[in-house]
Amino acid sequence: MGVFTFVVKNSGGEWSDKQYEGDLEACAPSSYALQRMLVQAALSANSSGGFQSSYSPVTPSSAVFQVNSFRITFSLT
């Protein structure tokens, strides 16, 4: 399982991030596009199976975005 936390900011019409305690970074023209890129980057860094994400606006031009990746297991009984 991996937890990735990003501080997301809009500056000059472009959204960018800074990972908390890490080095995953991206930029995109919209917050939605940036979230998609960050999910892909987090899953590439820790490919465990599934993921859950949350987006929490702080101001109109900043937010906290978190991606939790987890392992999916199946049990046949």
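The values are calculated or read from the model by the stated rules, or taken from the named source; none is laboratory data. Being a predicted model, the structure only gives us computed values, none of them experimental. No Cβ is skipped: glycine too gets one built from the backbone with ideal geometry, and neighbour counts run over all protein chains shown.
Which residues, counting only those in the range 55-77, are at pLDDT 85 or above and either more than 14 Å from residue 7 (Cα to Cα) or exposed (fewer than 11 other Cβ atoms within 10 Å of the Cβ) (or both)?
56, 59, 60, 68 - these are the residues of the range 55-77 that are at pLDDT 85 or above and either more than 14 Å from residue 7 (Cα to Cα) or exposed (fewer than 11 other Cβ atoms within 10 Å of the Cβ) (or both).
Before we move on, is residue 8 surrounded by 13 or more Cβ atoms within 10 Å (Cβ to Cβ), under 10 Å from the mean Cα position of the chain (by Cα) and over 25 Å from residue 71 (Cα atoms)?
yes
Residues that are on the phi < 0 side of the Ramachandran plot, without any contact (Cβ under 8 Å) to a residue 12 or more places away in the chain and in contact with a Cys (Cβ under 9 Å, 6 or more places away or on another chain) occur in the range 29-45; there is at least one.
If you go through the range 43-53 and keep only what is at pLDDT 80 or above and in a helix (DSSP H, G or I), you end up with 43, 44. Residues in the range 20-42 that are farther than 14 Å from residue 2 by Cβ and in a helix (DSSP H, G or I): 31, 32, 33, 34, 35, 36, 37.
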